[in-house]
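Colleague: Once you've had a glance at the structure underneath, I'll fire off some questions.
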Amino acid sequence: MILQFFVLSQRGDNIVYRDYRGEAQKGSAETFFRKVKFWKEDAEGDAPPVFNIDGVNYFHVKVAGLLFVATTRVNVSPSLVLELLQRIARVIKDYLGVLNEDSFRKNFVLVYELLDEVIDFGYVQTTSTEVLKSYVFNEPIVIDAARMPPLGAASIFMQGTKRMPGTAITKSVVANEPGGRKRDEIFVDVIEKISVTFNSSGFILTSEIDGTIQMKSYLSGNPEIRLALNEDLSIGTSDYRGSGAVILDDCNFHESVHLDSFDVDRTLSLVPPDGEFPVMNYRMTQPFKPPFRINALIEDTGSLKAEVTIKVRAEFNSSVNANTVLVQMPLPAFTARVNFELEPGAVGHTTDFKEANKILEWGLKKVVGGSEHTLRAKLTFSQELHGNIMKEAGPVSMTFTIPMYNASRLQVKYLQIAKKSKAHNPYRWVRYVTQANSYVARL
């Protein structure tokens, strides 16, 4: 049972607020934001997704820079409420096309109408965009895509040799194109978040892929879709089909997916509901080739001095580029100054020493496949280190986004639309994105 729901900006402004039962104290939004903002001063790290203040349970998720928050006084499942918040964000995005403060403020009436249909007197009714279309009648005020910040290369969709920017999917599923037309097209995302841990010698200790196939449909008439995956795809190891097979530990499917022929030819059939939804979630712990190799070394070079060397090598094809790469490394607590040395001809690299929390940061705007980059940093300490310098520094962590690349080799072989005619041939777009979930190298 939900008492309140509200959406806050990064500044703490109350964008949307709904009190469903009138039982919670006033000022809950201010209390919540104050606690989250100053959490680091009271404890280490960011605020957890669930915490309790004066008998009120606060649940929150951060989506597109906005805080979606729910409160309750009763003992409810945290995973249930967190999933509800994610689904509410997804429904609002389906209707508005894009989630940001501007789109919320221009569509207040529509957002409140959605919230009243999703939750009634604190009880969840539905989070289905398809169902809500029968009860929500306000039209969205669509935000001009030209005013949105550039999404970068990771937002590019592909259809053969054709390219389409990711802003194409910032359309509302209920609004028509100018002139009253609705362009028939369907978008598929294969998104993988990888976790890898390397030891000090560069060997892999643990590796895992959490993947999802997301779909967003703008098709009229609710046609049936057939989506084919790798024929050598195996679930578990019991039906292992050779060294080149894609082996998933487990997977689950959206309720609209029919698996009649999945065991035969790895084809999924479904009638896609309106809005964005996960067709399939999967997990893979079988060995795979990591996109990056990291080697880090820290050496004592004299009294109150040390030198850090970090090497990053891109293991993917030269036709693929990684974007927004960020390497971080905690340094010893007594580090007072850091002097950086980049390789000759380095372009788009940034370096920084966060003195407050003693973190070295190395940013690479773009990394071409097959390339290797090296950073050297000379450290100066304010006093002698009494322990092993290797134990007081590290580990090295890395975040990145690699468009049109997936480490698991899971592929969408084709996307077929039933009852297609020459006069009616919708556009089909597929995008692959790999991101770092936890990419760590020990010293």
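Colleague: Just by accessible area at a 1.4 angstrom probe, what is the order of 172, 77 from largest to smallest?
Modeller: From most exposed to least exposed: 77, 172.
Colleague: In addition: Going from most exposed to least, what order do 260, 94 have by accessible area with a 1.4 Å probe?
Modeller: Largest accessible area first, the residues go 260, 94.
Colleague: Report residue 30's accessible area, 1.4 Å probe, all protein chains in place, as a number in Å² to the nearest 10.
Modeller: Ignoring ligands and nucleic acids, residue 30 comes out at about 100 Å².
Colleague: Report, in degrees rounded to the nearest 10, the 0 to 90 angle that the Cα long axis of helix 78-96 makes with the longest principal axis of the chain.
Modeller: The angle comes out at about 70 degrees.
Colleague: I've got another one for you. Tally up the carbon and sulfur contribution to the accessible surface of the chain as a whole percent, 1.4 Å probe, everything protein left in place.
Modeller: Exposed carbon and sulfur together represent 49 percent of the surface.
Colleague: Follow-up question, since we're still on this one. Once Rh is set to the Kirkwood radius over Cα pairs, what Stokes-Einstein translational diffusion coefficient, in µm²/s, holds for the chain at a temperature of 20 °C and a viscosity of 1.002 mPa s?
Modeller: Here the translational diffusion coefficient equals 87 µm²/s.
Colleague: Hey, rough spin-label estimate for residue 399 and residue 411, points 7 angstrom out along Cα→Cβ, what's it come to in nanometres?
Modeller: 3.2
Colleague: Is the range 2-151 rounded, prolate or oblate when judged by the Cα gyration tensor, a ≥ b ≥ c being the square roots of its eigenvalues, rounded requiring a/c under 1.5 and prolate requiring a/b larger than b/c?
Modeller: Oblate shape, in that a/c is at least 1.5 and b/c is the bigger or equal ratio.
Colleague: Would you kindly find the accessible area of residue 121, with a 1.4 Å probe and non-protein molecules such as ligands, DNA and RNA excluded, rounding to the nearest 10 Å²?
Modeller: About 110 Å², ignoring ligands and nucleic acids.
Colleague: Let me ask you something else. I'd like the FRET efficiency for residue 378 and residue 199, computed as 1/(1 + (r/R0)^6) with the beta carbon distance as r and R0 of 22 Å, rounded to 0.05.
Modeller: The pair residue 378/residue 199 has a calculated efficiency of 0.30.
Colleague: Additional query: On a 0 to 90 degree scale, rounded to 10, what angle separates helix 28-37 from the longest Cα axis of the chain?
Modeller: Helix 28-37 sits at roughly 30 degrees to that axis.
Colleague: Counting each DSSP H run of 4 or more residues in the chain as -39500 (n - 2.57), what helix-only mean residue ellipticity at 222 nm follows after dividing by all residues, to the nearest 500 deg cm²/dmol?
Modeller: -3500 deg cm²/dmol
Colleague: Go through 390, 398 and list them by solvent-accessible area, largest first, probe radius 1.4 Å.
Modeller: Order by accessible area, largest first: 390, 398.
Colleague: Relative to the longest principal axis of the chain, what angle (0 to 90°, nearest 10) does the C-alpha long axis of helix 108-118 take?
Modeller: On a 0 to 90 degree scale, this one is about 80.
Colleague: A further question on this structure: Gain in length, residue 254 to residue 286, computed as 0.36 nm per residue apart minus the alpha-carbon separation, to one decimal in nm?
Modeller: 9.1 nm
Colleague: Residue 130 versus residue 9, label points 7 Å from Cα toward the beta carbon: distance in nm?
Modeller: 3.7
Colleague: Accessible area per residue of the chain at 1.4 Å probe, in Å²?
Modeller: Computed with neighbouring chains in place, this is 49 Å² per residue.
Colleague: Something else now. So how much slack lies between residue 437 and residue 109, counting 0.36 nm per residue of separation and subtracting their Cα-Cα distance, in nm?
Modeller: 114.4 nm
The values are calculated or read from the model by the stated rules, or taken from the named source; none is laboratory data. Remember, it's a predicted structure, so these values are computed and weren't measured experimentally. Methodologically, a virtual Cβ is constructed for each residue, glycine included, from the backbone with ideal geometry; neighbour enumeration extends over all protein chains shown. Surface areas here come from the heavy atoms of the whole protein model, side chains and all, with no ligands, DNA or RNA. Shrake-Rupley method; radii C 1.70, N 1.55, O 1.52, S 1.80 Å.
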